[in-house]
Amino acid sequence: MELFLQLLLNGLVVGGIYALVALGFVIIYKSSGLLNFAQGEFLMLGAYVCLAILEETRVPFVAAFLLTLVFSVALGLLLERVVLRPLLGQPLISVIMVTLGLSSVLKAVVQALWGSHTRPFPPVFATEPVMLGPLPVSQGYLWSLGCVALLLVLLTLFFRFTRLGLAMRATAFSQQVALSMGIPVRRIFALSWSIAAAVSAAGGMLLGAMRGGVDGSLAFYGLKVIPVVILGGMDSISGAIAGGLIIGVLENFSGGYLDPLVGGGAKDVAPFVALVLILMVKPHGLFGTAHARRV
Amino acid sequence: MAGALSVPAPLLRLDAVEVVYDGAILVLRGLSLSVPEGSIVALLGPNGAGKSTTLKAISGLLRGEGGKVTSGSIEFLGERIDGLPPEDLVRRGIFHVMEGRRVFEELTVEENLAMGGYTRHDRPGLRRDQARCYEYFPILGQRRRQLAGYLSGGEQQMLALGRALMARPRLILLDEPSLGVAPMVVEEIFRLLRRINEEEKTTLLLVEQNARVALAIAHHGYVIESGRMVLEGKAADLAGDKTVQDAYLGGGQQAGRRARTSLIS
C-alpha cells in the first residue's frame, strides 16, 4: 500500500509537469494549427534562466520564478515576431520544421551560455519530509503539486472568463470569423506562444528545484508531450491535463511494479502501450474532437 | 459630410474594383457600386459571380484567403479603406457577418456576443447593446448560457446578427443570411433586418441568393455576373423586372444582355 501511494504521488508530481508542457503544446496547436517541437527546450531554458537569476541576484526563489515567467512571456512574443510571423502564409509543414530548428537553436544557446555539464540548483525546499499518514513526502513534491494546480486553475479561469481568453478560444475555432469581429489574430498567436513558453518554463523550474540540478536532459520532457497530447486529444486543454497526469502515474506504476519483473525499461514503454490501447478505442484521444479541425 | 454638394457622399463606394486570388484568378473585374447611408442595398447574382468576394474585399477578410484588391478603390465615409486590416475596419464601423452563420460553437451565446463587441471597451454601452440584442432576438436571451453549437440554424443566424450589433457598426455586410435557415425563420430574420435598419440606423449591404426576400426589404439592388455589374436599380423596379429572375439565377447570356440594355443606359 505504501509503495502504491508513493508511486501514485511520484506519478502525479511528474504528470503535473507533463501537463504543463502539454498545455503549452495544445494552446499553440489550437490557436494556429502548429505543432511546436521546441516545447521541451522552453522547459529547459526556463530552468537555466531561473538558475542564472538565482545565482546572479540572490533573490528568493519565488521572485526568480516570477521573473523567469516574465522572461518567457517576452521570449514567446519575440519568437512570434521574428521567427513565426515572417513565415505567415507558408505551408504548415514548413513552419513545423522551423520549430524543430528552433529547438536545436535553443539547445545550442543554452550549452553555449551555461555549458553541458549538470549545474547544481540551490536548495529551494526544506529537505525534511512531511508525513502524510504513513507516507513520508518531500516538501518539494508538495510545493510542485500545489504550484502546478494553481497554474492550471489560473489558466482555466483565464480561458473561461477573460476577454482575451475567450478571444483565444474564438480564434482557435476559426481565424477568419475571429478576424471578422476585429480580434487581432496575430496578437493572439503571439500570446499563445507566450503562454506556452511560460507554462513550460514553470515546469522546468519546478523540476530543477526538485532534482537539485539542471542539465540538457530536461529538454527530453518535451518528447513526453507527444504521447500526452495524443492520449488527451490534440485540441483539448482538459485533455492535456488529464493526459499528463495519466502518463505520469502510468510510468511510475510500471516502473515500480513491472520493472522488477521484466528487468527494467517498462517505465519508458508503458505510456506508449497505453497509448496504443486507448487510441484503438478512442482514436481522437480522451477529450479530442472527432472532426480534427484545421484552424 | 455632404460638403458643398447637395447630394451626400455615399457611406460606402466601390470604384472599378478588381480582385485577384492567388495572384492569378480574376474574380472581380472592375466592380463599382455605392451604398448610401441608412439604406439597405441588395447584391444579387448567380453562384460564383463574386458576391461574397465583394463583401470580403470591403471587410478586409480577403487577405486570409489569398485574395487581393489589385486595382480600383474602396471608400468608406470618404476615406480609402482598401488594404486596411479587418480589426481597423471593425473599429471604423464595418462588420462582416460571414456566410454559413459561423458562430463560435464552443462558446456560449453570451460569450459569442461579447466577442462581437471585442473592439469596444465601454462596459455600460456593451451591457445596453447586449440587452437590445435580447430584445430583438428573445430566444437568444433564453439561451444565453447555452453553447452556440447547440442552437438551431435560425438561432445561429440570429446570434451572428446579434454579434454584429454588439460592435455598433454603421455598416453591416451580410452574406446569405437565409442560407440553411427554415423558410418561416427566413421571413422573421428579414423582418428583423428591416427593423434593425430603421431603429439602429444601420446601413446594410446584403448578399442573397433568395432575391425575392432580399428585394422585399432592400431600397436598392445590384446584380452582378462574373465579377461585373450587369444591372442596377431601385429594389421595387428590380423585383418587378422579369429579366432579374433569370439574371440572378444565372439564366443565360440573353437574359443578361437584355437586362443590360434595358436597365443601364
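The values are calculated or read from the model by the stated rules, or taken from the named source; none is laboratory data. Source: prediction; values computed, not measured. As a convention, Cβ positions derive from the backbone with ideal geometry for all residues, glycine included, and neighbour counts pool all protein chains shown. In case anyone asks, the SASA skips ligands and DNA or RNA and just uses the protein heavy atoms, side chains included. Shrake-Rupley method; radii C 1.70, N 1.55, O 1.52, S 1.80 Å.
Computed values, structure above
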item	result
Members of segment B:129-157 that are acidic (Asp, Glu) and over 19 Å from residue B:179 (Cβ atoms)	B:129, B:135
Members of segment B:204-217 found to be open to solvent by 10 Å² or more (accessible area, probe 1.4 Å) and not in a helix (DSSP H, G or I), listed by number	B:209, B:210
Hits in segment B:43-64 (condition: assigned to a loop (DSSP other than H, G, I, E, B) and facing chain A (nearest Cβ under 9 Å))	B:60, B:61
Options A:86, A:123; residue that is open to solvent by 80 Å² or more (accessible area, probe 1.4 Å), under 20 Å from residue A:37 (Cβ atoms) and out of contact with any Pro (no Cβ under 7 Å at 6 or more places or on another chain)	A:86
Check on residue A:69, within 28 Å of residue A:143 (Cα to Cα) and in contact (Cβ under 8 Å) with a residue 24 or more places away in the chain	yes
Residue ranges of helices (runs of 4 or more DSSP H) in segment B:65-182 with at least 3 members within 17 Å of the chain's Cα centre (by Cα), under 21 Å from residue B:51 (Cα atoms) and at the interface with another protein chain (Cβ under 10 Å from one of its Cβ atoms)	B:86-92
Neighbours by Cβ (under 6 Å, 6+ apart or cross-chain): first from segment B:93-112, within 22 Å of residue B:205 (Cβ to Cβ); second acidic (Asp, Glu) and part of a loop (DSSP other than H, G, I, E, B)	B:99/B:176
Residue A:74 being among the aliphatic types (A, V, I, L, M), open to solvent by less than 50 Å² (accessible area, probe 1.4 Å) and over 24 Å from residue B:65 (Cα atoms)	no
Condition check for residue A:172: over 25 Å from residue A:114 (Cβ atoms) and either modelled with pLDDT of 90 or more or within 13 Å of chain B (Cβ to nearest Cβ) (or both)	yes
Selection status of residue A:180, more than 25 Å from residue A:129 (Cβ to Cβ), out of contact with any strand residue (DSSP E or B) (no Cβ under 8 Å at 6 or more places or on another chain) and among the hydroxyl-bearing types (Ser, Thr, Tyr)	no
Boolean, residue A:103 is closer than 21 Å to residue A:203 by Cα and either away from every other protein chain (no Cβ under 14 Å) or surrounded by 12 or more Cβ atoms within 10 Å (Cβ to Cβ) (or both)	yes
Any hit, segment A:132-147, residues being more than 14 Å from chain B (Cβ to nearest Cβ), at positive phi and modelled with pLDDT under 90	yes
Residue under evaluation residue B:119, criteria (1) in contact (Cβ under 8 Å) with a residue 40 or more places away in the chain; (2) out of contact with any helix residue (DSSP H, G or I) (no Cβ under 6 Å at 6 or more places or on another chain), criterion not met	(2)
Selected residue (criterion: surrounded by the most Cβ atoms within 10 Å (Cβ to Cβ)) from residues of segment A:19-39 that are farther than 14 Å from residue A:190 by Cα and over 11 Å from the mean Cα position of the chain (by Cα)	A:37
Lone unmet requirement of (1) crowded, with 16+ Cβ neighbours inside 10 Å; (2) over 22 Å from the mean Cα position of the chain (by Cα) for residue A:130	(1)
Among the residues listed as A:182, A:115, A:165, A:212, the single one being within 14 Å of chain B (Cβ to nearest Cβ) and at positive phi	A:182
Qualifying positions in segment A:23-48 - in a helix (DSSP H, G or I), of a type in the set (S, T, N, Q) and more than 20 Å from residue A:65 (Cβ to Cβ)	A:31, A:32
Conditions (1) at pLDDT below 90; (2) aliphatic (A, V, I, L, M); (3) open to solvent by 50 Å² or more (accessible area, probe 1.4 Å); number of the one not met by residue A:112	(1)
Condition check for residue B:179: open to solvent by less than 70 Å² (accessible area, probe 1.4 Å), hydrophobic (A, V, I, L, M, F, W, C) and either in contact (Cβ under 8 Å) with a residue 24 or more places away in the chain or in contact with a Leu (Cβ under 9 Å, 6 or more places away or on another chain) (or both)	no
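Condition check ((1) at pLDDT below 90; (2) more than 11 Å from the chain's Cα centre (by Cα)) across all residues:
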| residue | (1), (2) |
| --- | --- |
| A:183 | no, yes |
| A:186 | yes, yes |
| A:190 | no, yes |
| A:199 | no, no |
| A:208 | no, yes |
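Yes/no per residue for (1) open to solvent by 20 Å² or more (accessible area, probe 1.4 Å); (2) within 18 Å of residue A:170 (Cβ to Cβ); (3) touching a residue at least 60 places away in the same chain (Cβ under 8 Å); (4) among the hydroxyl-bearing types (Ser, Thr, Tyr):
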{"position": "B:126", "(1), (2), (3), (4)": "yes, yes, no, no"}
{"position": "B:133", "(1), (2), (3), (4)": "no, yes, no, no"}
{"position": "B:145", "(1), (2), (3), (4)": "yes, yes, no, no"}
{"position": "B:150", "(1), (2), (3), (4)": "yes, yes, no, yes"}
{"position": "B:159", "(1), (2), (3), (4)": "no, yes, no, no"}
{"position": "B:170", "(1), (2), (3), (4)": "yes, no, yes, no"}
